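Data block below; observations after.
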Amino acid sequence: MLTCIIRYHIDPTKKAHFEQYARNWGEAIPRCGADLIGYYAPHEGSSTLAYGIYNVASLSDYEAYRARLSADPLGRENYAFAQKEKFLLREDRTWLKLASAPHGATS
């Protein structure tokens, strides 16, 4: 399992736009085959950092998921929304794999 963490730098005056963007992905991403952990908007501290986090089984599964997402009507609409409203100033993806499993004490 691989985890994709997307770090967004957003326009702090357009936080509501990011939140709508996140809700849209909350519908489209699971439908297209990734395990969405969630999208996180600024609350305390930085007013410009936001995150999206999801899991896929492999990079090849990611490629298939991205193809489905780009064909999905809500996915296409959400990409266009971000381009039109310009609330995303920067987007960085990092791929991680879980190194601490299994969690908890063993007997």
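The values are calculated or read from the model by the stated rules, or taken from the named source; none is laboratory data. None of the values given here were measured: they were computed from a predicted structure. Here the Cβ is made from the backbone with ideal geometry for all residues, glycine too, and neighbour counts use every protein chain on show. To get the accessible areas, we keep the full protein, side chains included, count just its heavy atoms, and leave off ligands, DNA and RNA. Shrake-Rupley method; radii C 1.70, N 1.55, O 1.52, S 1.80 Å.
Quick notes
- Residue among Lys86, Lys97 that alone is on the phi > 0 side of the Ramachandran plot and open to solvent by 50 Å² or more (accessible area, probe 1.4 Å): Lys86
Rundown of residues vs (1) under 20 Å from Met1 (Cα atoms); (2) of a type outside the set (Ser, Thr, Tyr), yes/no style:
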| residue | (1), (2) |
| --- | --- |
| Asn24 | no, yes |
| Ala41 | no, yes |
| Ala67 | yes, yes |
| Ser70 | no, no |
| Arg90 | no, yes |
| Ala101 | yes, yes |
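- Criterion: open to solvent by less than 50 Å² (accessible area, probe 1.4 Å) and without any contact (Cβ under 8 Å) to a residue 40 or more places away in the chain - qualifying residue of Ala80, Ala22: Ala22
- Taken over segment 1-19, the residue count meeting the criterion of being modelled with pLDDT of 95 or more and open to solvent by 60 Å² or more (accessible area, probe 1.4 Å) is 6.
- When Tyr39 is tested against (1) surrounded by 11 or more Cβ atoms within 10 Å (Cβ to Cβ); (2) in contact (Cβ under 8 Å) with a residue 24 or more places away in the chain; (3) within 16 Å of the chain's Cα centre (by Cα), only condition (2) is not met.
- In summary, Ile29 fulfils each of the numbered conditions (1) assigned to a strand (DSSP E or B); (2) surrounded by 11 or more Cβ atoms within 10 Å (Cβ to Cβ); (3) not small (Gly, Ala, Ser) with the single exception of condition (1).
- Scanning segment 42-63 for residues that are out of contact with any helix residue (DSSP H, G or I) (no Cβ under 8 Å at 6 or more places or on another chain) and either open to solvent by 40 Å² or more (accessible area, probe 1.4 Å) or assigned to a strand (DSSP E or B) (or both) yields a total of 13.
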